[in-house]
Amino acid sequence: MIKRILVALDPDSDTPVATRYAIDMAKRFNARLTGLAVVDMESIESSTRGGGIGSMYYAEKLRDKLTKETRGRASSLIKEFKQIADSSDCDHVELVEEGVPFERIVEDMKYHDVLVIGQDPHFFYAHPKKETETLARVIAQTIGPSLVVSGSYRPVRRVLVATDGGEPGARALRRFIQMLPFGSDIELDVLHVESKDSAESALYLELTRDYLADHGFTPNIVSMKDNDVEACILREVKNRKADLIVAGAKTKSGMRNLHLGKSTKELLTMATVPVFIDH
């Protein structure tokens, strides 16, 4: 059951869309929305470091200016979120926090059931087009599922479950079925994609069918072989007119932390429908 929904707020156009999807879930479960705006102090500090003693005064002035602008933008985002939430008659709270965005989101997700976030979040409000890796870090390190949305909204009636038989896909499917964020009155397509033949595929699909049947679903199950798994998934989303993708997050270990695998990152950034993803 979903009772707390965290919405990550940033200046991009997909934030109002994220809020709308969050409201859909909140109304279904009588859940509370939390709108979170993060003042990215790390980016402010790194962008205002002076080159020498003579420039320290100007660096401090710039830092004060960017901090003021960023706090003001965060307040505006909170105000916009509150107006939308008020009009939806949903219970909601708003938070403005300072720190590294992905760290604040990961921390707050310890006390929420699901995160809703845009697929291209930029939390350095003073320069909103600045490239960030917030999404990858959040997905790789948060303990709960995320709904990653693109720039447009549509009701969720048909869901494409993308899996290759591995643990991430099975975990995401199980979490989605247990939560049913958009209710049970949906159609399910299970797309099993592999880059090479596997003797275990038939057994995996049969077990998936049985699992979903016990939860009241009769899915359409399709197995495909394709070397470009992400392109195959996106193509089938279009062919089947799916409104949502369910997928597992694949990660790789770096020197200091986890990062999304290339395939997962491509799926999240190229999908034109929301992706429910779990790690």
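The values are calculated or read from the model by the stated rules, or taken from the named source; none is laboratory data. It should be emphasised that the depicted structure is a prediction, and the values quoted were computed from it without experimental measurement. Methodologically, a virtual Cβ is constructed for each residue, glycine included, from the backbone with ideal geometry; neighbour enumeration extends over all protein chains shown.
Being assigned to a loop (DSSP other than H, G, I, E, B) and more than 20 Å from the chain's Cα centre (by Cα) is the filter; apply it to segment 72-102 and report the residue that is modelled with the lowest pLDDT. Looking at residues that are assigned to a loop (DSSP other than H, G, I, E, B) and more than 20 Å from the chain's Cα centre (by Cα), I get ASP89. Within segment 27-54, the set of residues being part of a loop (DSSP other than H, G, I, E, B), at pLDDT below 95 and not polar (S, T, N, Q) comprises ARG49, GLY50, GLY51, GLY52.
If a residue must be part of a loop (DSSP other than H, G, I, E, B) and crowded, with 18+ Cβ neighbours inside 10 Å, how many such residues does segment 154-179 contain?
Residues of segment 154-179 that are part of a loop (DSSP other than H, G, I, E, B), as a first pass: 154-157, 164-166.
Right, trim to crowded, with 18+ Cβ neighbours inside 10 Å and you get 156, 164-165.
Selection size over segment 154-179: 3.
A Cβ distance below 7 Å, combined with a sequence gap of six or more or placement on separate chains, defines the contacts here; from segment 89-103, residues that are more than 15 Å from ILE78 (Cα to Cα) reach residues that are surrounded by fewer than 16 Cβ atoms within 10 Å (Cβ to Cβ) and acidic (Asp, Glu) in the pairs VAL100/GLU42.
Looking only at segment 1-16, which residues are within 16 Å of SER87 (Cβ to Cβ) and either assigned to a loop (DSSP other than H, G, I, E, B) or at pLDDT 95 or above (or both)? Answer for segment 1-16, where residues must be within 16 Å of SER87 (Cβ to Cβ) and either assigned to a loop (DSSP other than H, G, I, E, B) or at pLDDT 95 or above (or both): just VAL7.
Every residue in segment 203-228 that is part of a loop (DSSP other than H, G, I, E, B) and at pLDDT 90 or above, please. Quick ask: steps written out before the conclusion?
At the first step, the residues of segment 203-228 found to be part of a loop (DSSP other than H, G, I, E, B) are 215-219, 226-228.
Passing the criteria: HIS215, GLY216, PHE217, THR218, PRO219.
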